[in-house]
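The numbers here are math on the coordinates, done by the rules we state, and not lab data. Worth saying up front: this structure is predicted, and the values here are computed from it rather than measured. Backbone-built Cβ (ideal geometry, glycine too); neighbour counts: all protein chains shown.
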């Protein structure tokens, strides 16, 4: 991997920034160069929120990314805004619990994951963001699952109940991606 850019988008209050920070800290724990750039809508909770994370083995030239390699969308307004921005050959992860459409694009990998449903089934509706991060790691492989689990431990280690559920759902998301990722159609020249 030379450089990977990912945008995570949804409503304020869905853990968008926390998910982005988890990726950023995990990448730093693998000695990668990282930029985490948050963006909030007019309201903190309920408004649109997104962050972009740039992860690289080399020095990063700019934090501004117009066509990220990957995008994770948590709600329909975010899908509508960002779906077309995924770089050809990139990845779109859609929270299918809240978004009832999929991309018509055939030049990107796509994963529809019922993140809210999985979170509810595991007992904590607030961990849908961690389900998606697990799926993202499973679909891309650009960070090690073990590194992300260790980062969770460092951030939540004193909160045993939270750590346990987060570790459970990150693995569920990871395994879901390994089984359900829809790869881009190969176009012959």
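A few points about this structure:
- Once C-alpha pairs closer than 8 Å and six or more residues apart are averaged by separation and normalised to the residue number of segment 2-92, the relative contact order reads 36 percent.
- Here the contact order of the chain, divided by its residue count and restricted to Cα pairs under 8 Å and six or more residues apart, works out to 20 percent.
- Per residue, the chain reaches -12000 deg cm²/dmol at 222 nm when only DSSP H runs of four or more residues are counted, each adding -39500 (n - 2.57).
- Normalised contact order of segment 49-136, rounded percent, pairs of Cα under 8 Å and 6 or more residues apart: 21
- Residues 120, 17 in ascending order of nearby Cβ atoms (within 10 Å, fewest first): 120, 17.
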